[in-house]
2 protein chains.
Amino acid sequence: MREVLIITNPKTVKVLSDPTRFQILKLLRERPMSVNELSDLLGKDRTTVYRHIKALEAEGLVEEIDTEGNERIYARTARMFLIKAEPDESIEEFRQSYLQVEAERIVMILEKSGFQIKDREALKALIKEVLNTIELRSQPVIKRISDANIELTEIELFHLLNMLVFFQSCELCDHAKRVKDLISF
Amino acid sequence: MREVLIITNPKTVKVLSDPTRFQILKLLRERPMSVNELSDLLGKDRTTVYRHIKALEAEGLVEEIDTEGNERIYARTARMFLIKAEPDESIEEFRQSYLQVEAERIVMILEKSGFQIKDREALKALIKEVLNTIELRSQPVIKRISDANIELTEIELFHLLNMLVFFQSCELCDHAKRVKDLISF
């Protein structure tokens, strides 16, 4: 299992965006499992889980790694899936919703760390806008890295994503000023 | 085991910077192990490995999670350790050497992805300088987040680190121009 898989294909993102499939991938982070185990843990019938597993397998997100008795054991193909979708109408709603969740988490982390936020809703909206801008602007570089199919470690991915934000520093300077105005450091 | 532990204490970084301890932590990423297993895999005697394990345990990097027979089983306390050390003379050499390694990896990833680099050595040096600037400037915020002891997921950590680079956009704009001049996009 590789450490990181960068997902840019809108079709793959679409498959991933289903809540049950998301849960299956989350469970498989713990360890490889059979359809039976997954269906017990999810409280869903075997046929449904099997169908989801097959959809995930077709997109290269899970793979059969073993059989135990007559049960097939499935694993994730990477420990971390990084979703950096090419803009596409079919997944725009999902993309907007995860940007929203991410913006909310960032604000929450800043608050929990004791930073004073002047206007929470304004900050969330602004951070979401920034995340969107960064994502769209880094897309062409991310796609080339993803297409080159280089095996990245998580730490390498961290640095690389940081670099992609850094590359856009000049364009992001005004946004940064506005965000920093809303936080007391 | 938590997902992420941010390490800012120079003493902890010092303990981590020993190559054998680094290898022990790498092996424990696969699964929890006993001192015997570790000493076999490392080709080092039990007493040495035991001493390293105790040093790592004292810094909260590994913990005893089980016993099997009369063997204690040790695990990492987090799946990912993010080193963001406070500047300190005792670890400056280690810090410079990991920034160097990271800068080299970033250049390598860009090259493997098919980007033309105009002057490799100049780019490495510049990226190392940028990584250093980013690390030093984000240190106060990182330290607050680390001290707040919030359990972050890896994805949250990604976004947070990206935000810290973003916060410095205005100050990094000139650097970004210089770096982009050395890469053909």
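For this structure, a couple of remarks:
- Value of [θ]222 nm, deg cm²/dmol, for chain A, DSSP H segments ≥ 4, -39500 (n - 2.57) each, nearest 500: -20500 deg cm²/dmol
- Each of B:Thr47, B:Ser17, B:Ser34 was scored by the projection of its Cα onto the charge dipole of region B:1-60, and the greatest displacement toward the positive side belongs to B:Ser17; charges sit on the C-beta of Lys, Arg, Asp and Glu.
- Share antiparallel - DSSP beta bridges, region A:2-80, percent rounded to 5: 80
- Number of partner chain Cβ atoms within 10 Å, mean per residue of A:148-160: 5
- Normalised contact order of region A:66-185, rounded percent, pairs of Cα under 8 Å and 6 or more residues apart: 34
- Debye, to nearest 20: dipole size of chain B, +1 on Lys, Arg Cβ, -1 on Asp, Glu Cβ: 360
- Ranking B:Leu157, B:Gln139, B:Ser169 by how far each Cα lies toward the positive end of the dipole of region B:138-185 (charges on Cβ) leaves B:Ser169 at the top.
- For A:Val62, distant residues with modelled amide H under 5 Å away: A:Glu57, A:Thr77
- Placed amide H near A:Glu3: partners under 5 Å, 5+ positions off or other chain: A:Arg79
- Ratio Rg/Rh, restricted to region B:1-152 and using Cα atoms, in which Rh is the Kirkwood radius: 1.04
- For chain B, share of DSSP beta bridges that run antiparallel, in % to the nearest 5: 65
- The calculated pair-distance distribution of the protein assembly as shown uses every alpha carbon pair, bins of 10 angstrom beginning at 0, and gives 5, 20, 29, 28, 14, 3, 0 percent.
- Region B:80-88 - phi-based ³J(HN,Hα) in whole Hz, Karplus 6.51/-1.76/1.60, Gly and Pro as x: 10, 9, 9, 8, 9, 6, 5, x, 7
- Proportion of all alpha-carbon pairs of region B:2-80 beyond 17 Å (%): 39
- Too-long pairs where the Cα-Cα distance tops 27 Å, listed order kept, from B:Lys26/B:Lys177; B:Lys26/B:Lys112; B:Lys54/B:Lys143: B:Lys26/B:Lys177
- Base-10 log of normalised Debye intensity for region B:87-184 (one unit scatterer per alpha-carbon) at q = 0.22 Å⁻¹: -1.27
- Taking the Cα centre of the protein assembly as shown as reference, the dipole from Cβ charges on Lys and Arg (+1) and Asp and Glu (-1) amounts to some 460 debye.
- For A:Lys180, label point 7 Å along C-beta direction: distances to other copies, nm: 1.9
- Part-to-part distance (alpha-carbon centres) for region A:134-169 and region B:67-119, which is given in Å: 17
- Residue-count net charge about B:Glu64 - beta-carbon cut-off 11 Å; Lys, Arg +1, Asp, Glu -1: -2
All of the numbers you see were taken from the coordinates with simple rules; none came from a lab. Bear in mind the structure is a predicted one, so any value in this text is a computation, not a measurement. Note: ideal-geometry Cβ built from the backbone for every residue, glycine included; neighbour counts use all protein chains shown.
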